[in-house]
Every structure is written in C-alpha cells, then in structure tokens.
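The structure under discussion appears below in the form of structure tokens.
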Amino acid sequence: QSALAQPASVSGSPEQSITISCTGTSSDVGSYDLVSWYQQHPGKPPKLLISEVTKRPSGVSNRFSGSKSGNTASLTISGLQAEDEADYYCCSDAGSGTYVFGTGTKVTVL
Amino acid sequence: EVQLVESGGGLVQPGGSLRLSCVASGSTFSNYYMLWVRQAPGKGLEWVAKINQDGREKTYVDSVRGRFTISRDNAKNSLYLQMVSLTAEDTAVYYCARDPRWAFDIWGQGTMVTVSS
C-alpha cells in the first residue's frame with residue numbers, strides 16, 4: 001500500500017495548461033480504470049474533480065480532464081485560473097477492497 | 001443538500017482510545033459505501049477504512065488494521081470509527097466521505113485527533 005507518486009509541485013501562468021501525473025503499479029493504477037482526482041484548498045475538505053479516470057461530476061468545470069496510460073494517470077487543467085491554486089490528489093482502487101492516494105501536488109498559478 | 005458532519009475528535013494520550021462519529025443528512029445513507037480518510041498536519045491524504053452498505057464488508061489500511069474498527073448504524077444515518085492503542089502517528093484530521101463506488105463525492109469538514117502526552 002505505497003502512496004502513488006505525484007510531482008510535489010507544478011506551476012503555470014494564467015490561461016496555460018498544466019498536467020499532473022500520478023504513477024502507481026500494475027496492482028493499482030494499471031489494474032483498474034478506477035482513478036479519481038481531488039482538489040483541496042487550504043483548510044478545506046477535498047473536492048472530487050474526476051472519477052473512473054475520465055468522468056467529470058456535475059458542476060465540475062470542463063477545464064479539468066483525466067486520462068490514463070499503463071500505470072500512470074494524469075490530470076490536465078486547461079485555461080489555468082487563479083482559483084485553481086490548490087493541492088491535488090489522485091486516488092486508485094488498489095484491490096482487495098482498499099484504496100491508495102497519491103502523494104499530492106501543489107499547483108501554483110504564477 | 002447532502003451533508004456529512006464529523007465529531008468526536010480531541011486530545012488523547014498515547015495508548016488511549018477515541019470514537020469518531022459522522023452523521024449524514026440529505027441522502028439515503030444506507031445506499032452507499034462509506035469511508036474514513038485522514039490527513040496528518042501538513043501532509044497528504046491517507047485512506048483509512050471502508051464499509052459497505054450493510055456493514056458486513058470492512059477493509060482497512062495496514063497501519064490501522066487491528067486497532068481501528070469502522071462501523072455504521074443505518075437507522076441513525078451514522079458512521080463510526082473506533083480507535084484504540086493510538087500513537088502520535090495517528091494525529092490527523094479525520095474526514096468521513098461517501099463512496100458511490102470508486103470515488104468519494106461528499107466529504108465532511110473533518111475532526112481533529114491529536115495524540116500527545
């Protein structure tokens with residue numbers, strides 16, 4: 001149950017696109033199309049952005065999109081905005097009824 | 001509006017016990033898997049435990065298995081986390097969350113647990 005690997009930080013200018021990677025193993029990310037992504041602002045609970053690799057819940061901006069290739073999932077934020085500055089976490093089903101989160105990525109809008 | 005409200009956190013000595021509660025409103029609680037996620041100060045999210053709709057299936061992260069017990073009372077729309085043999089490494093904000101399968105769509109505001117002498 002090792003945490004999924006994410007870059008510690010990613011930055012971009014307003015209106016740019018950025019991508020956050022989430023690397024696991026063949027036992028978690030690679031085995032299931034069950035990766036989700038969360039946004040967390042300081043002092044707040046996480047908010048679901050993406051489920052099942054690519055599905056965006058109602059109310060989530062279409063600037064957020066997800067994908068997966070092999071053992072690595074990715075979250076892309078297009079048209080970066082100041083309000084996107086937050087921490088982002090991926091999460092994957094890890095088999096046997098368990099989940100594992102990523103290490104988290106701090107996004108900075110320059 | 002669906003809401004989850006946690007309670008029961010506080011300061012506890014190493015080796016002590018604590019029981020967290022999470023009350024749900026605004027949705028049919030018994031239809032969903034529920035889980036606990038924690039976040040140590042300044043650290044990332046860690047999935048802790050999950051329970052299915054009728055309470056018969058429970059899973060835990062290795063670091064808490066045998067010390068923490070997740071349970072639910074559907075008649076009271078409530079989720080619980082009984083924690084024993086607490087250590088400093090259990091210090092964290094504990095969130096309850098709803099799992100409509102494979103993603104966590106509703107979160108509580110969290111309750112802080114501090115293990116210290």
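Out of all the residues in region A:6-22, is one or more facing chain B (nearest Cβ under 10 Å) and of a type outside the set (Ser, Thr, Tyr)? Yes.
Taken over region B:70-108, the criterion of being in a loop (DSSP other than H, G, I, E, B) and either closer than 24 Å to A:GLY95 by Cβ or out of contact with any strand residue (DSSP E or B) (no Cβ under 7 Å at 6 or more places or on another chain) (or both) is satisfied by B:VAL84, B:SER85, B:PRO100, B:ARG101, B:TRP102, B:ALA103, B:PHE104, B:ASP105.
Go through region A:23-55 and count every residue that is under 17 Å from B:TRP102 (Cα atoms), assigned to a strand (DSSP E or B), touching an Asp or Glu at 6+ places or on another chain (Cβ under 9 Å) and in contact (Cβ under 8 Å) with a residue 24 or more places away in the chain. Adding up the residues that qualify gives 4. So B:ARG101 ticks every box in (1) over 15 Å from the mean Cα position of the chain (by Cα); (2) closer than 14 Å to B:GLY10 by Cβ but one. Which box is left unticked? So B:ARG101 meets the others, but not (2).
Taken residue by residue, region B:60-69 has no member that is part of a strand (DSSP E or B), closer than 25 Å to A:VAL53 by Cβ and within 10 Å of chain A (Cβ to nearest Cβ).
Taking the conditions (1) closer than 28 Å to B:GLY110 by Cα; (2) more than 10 Å from every other protein chain (Cβ to nearest Cβ); (3) at pLDDT 95 or above in turn, A:SER2 satisfies each one other than (3).
Scanning region B:70-117 for residues that are within 14 Å of chain A (Cβ to nearest Cβ) and not hydroxyl-bearing (Ser, Thr, Tyr) yields a total of 19.
Checking each residue in region B:69-111 for being among the aliphatic types (A, V, I, L, M), surrounded by 15 or more Cβ atoms within 10 Å (Cβ to Cβ) and either in contact with a helix residue (DSSP H, G or I) (Cβ under 6 Å, 6 or more places away or on another chain) or farther than 16 Å from B:THR59 by Cα (or both) picks out B:LEU86, B:ALA92, B:VAL93, B:ILE106. Taken over region B:20-39, residues that are within 12 Å of another protein chain (Cβ to nearest Cβ) and out of contact with any Gly (no Cβ under 8 Å at 6 or more places or on another chain) amount to 5. Could you look through region A:76-96, keep only residues that are under 29 Å from B:GLU6 (Cβ atoms) and among the polar types (S, T, N, Q), and pick out the one that is nearest to the other protein chains (Cβ to nearest Cβ)? For region A:76-96, the residue satisfying everything is A:SER96.
Looking only at region A:63-75, decide whether some residue is aliphatic (A, V, I, L, M) and at the interface with another protein chain (Cβ under 10 Å from one of its Cβ atoms). No: zero hits. The residues in region A:1-22 that are closer than 21 Å to B:PRO41 by Cα, part of a loop (DSSP other than H, G, I, E, B) and not small (Gly, Ala, Ser) can be counted, and the count is 3. Got at least one residue in region A:36-49 being farther than 21 Å from B:CYS96 by Cβ and within 13 Å of chain B (Cβ to nearest Cβ)? No: zero hits.
The values are calculated or read from the model by the stated rules, or taken from the named source; none is laboratory data. If you're wondering where the values come from, they're calculated on a predicted model, not measured in any experiment. A quick note on method: Cβ atoms are made from the backbone with ideal geometry, for glycine too, and the neighbour counts reach across all protein chains shown.
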